[in-house]
Each structure stands twice: as C-alpha cells, then as structure tokens.
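To keep things clear, I will list the structure first and then write my remarks on it.
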Amino acid sequence: MKKIECILRPGKLEEVKEALNQSGVHGMTVMQVMGCGLQKGRKEVYRGTELTINLLPKVKIEIIVKDSQVEEVIALIRQSALTGQIGDGKIFVSSVENAVRIRTGETGDAAL
C-alpha cells in the first residue's frame, strides 16, 4: 500500500475529488493548510505598512491506495490540478506498512 499526499491550490479541490471519485478512489482525508514554496507569497499594504505574506492557503489531500493504483492516481491528480503556473502544488508518495479497519478488524488491502 502507498500513501499519496498532495498539496494543491484550494480552487482545484473539487476537480481533483471528482476525478478521483470517477476512477473509483473514494476514501481521502482533506485538510486546509498554509505553506510556501516557489510561489514566495505576496505583498499587501495594511494601514500604510507593506506586509509580506509568505504563507499561502493550500489544501492537503491524503489517500491510501494499493500499489497497483499509484501511477493512475498520480496521473489523475496531475491532470485535474494543473494550471501551468507556480504554486500548482506537489505530490508525495510513501509506503504504508499496514492498515486496519476498526469496525471489522480487516487488515492490509482489505481494510481499504
């Protein structure tokens, strides 16, 4: 099993969710996060003082999938989140040792 974490623009969340649902990936965790990278934030003026806001709102999605689904899920996320501009986000993939469904006690792929 693999854990796919992606950091996206908030405006792309619905497109990514819809693409994943259509491909049969239904379980995900979504969090609102703040972050900075190449985008480096923006400057705003507040009461005559220039402020640099370098933490921008983003959305983080966590998905656990079978090893055979990883490439397909990454391709779906890339296609639906792409704008071609700095700040589109990142995708991280890591191994998951085990999963347990609390209700039934199922483990491994069966718990997904």
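Here are the numbers for this structure:
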{"item": "Sum of side-chain charges, His26 neighbourhood, beta-carbon under 13 Å (Lys, Arg +1; Asp, Glu -1)", "result": "0"}
{"item": "Spatially proximal lysines relative to Lys2 (Cα-Cα < 27 Å; intrachain offsets below 8 disregarded)", "result": "Lys12, Lys17, Lys58, Lys60, Lys66, Lys90"}
{"item": "Label corresponding to volume of the Cα convex hull per residue in Å³ when calculated from the structure given, among (i) 88; (ii) 123; (iii) 108", "result": "(ii)"}
{"item": "Longest exposed-site-free window of the chain, the sites being trypsin sites (Lys or Arg not before Pro) in a DSSP loop that have at most 10 other C-beta atoms within 10 Å", "result": "48-102"}
{"item": "Residue with peak Gaussian network fluctuation, the chain [Cα springs, cutoff 10 Å], from Thr52, Thr83, Thr29", "result": "Thr52"}
{"item": "Mean ellipticity per residue at 222 nm, deg cm²/dmol - from DSSP H runs of n ≥ 4 across the chain, formula -39500 (n - 2.57)", "result": "-6000 deg cm²/dmol"}
{"item": "Rounded tilt (10° steps) of 13-22 against the dominant C-alpha axis of the chain", "result": "20"}
{"item": "Value of relative contact order over the chain, rounded to a whole percent, pairs C-alpha under 8 Å and six or more apart", "result": "42"}
{"item": "Angle in degrees between helix 70-81 and the longest Cα principal axis of the chain, rounded to the nearest 10", "result": "30"}
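Since every read-out is calculated from the coordinates, none of them should be taken as a lab result. No experiment lies behind these values; they were computed from the predicted model shown. Heads up, the Cβs are rebuilt from the backbone with ideal geometry, glycines too, and the neighbour counts pull from every protein chain shown.
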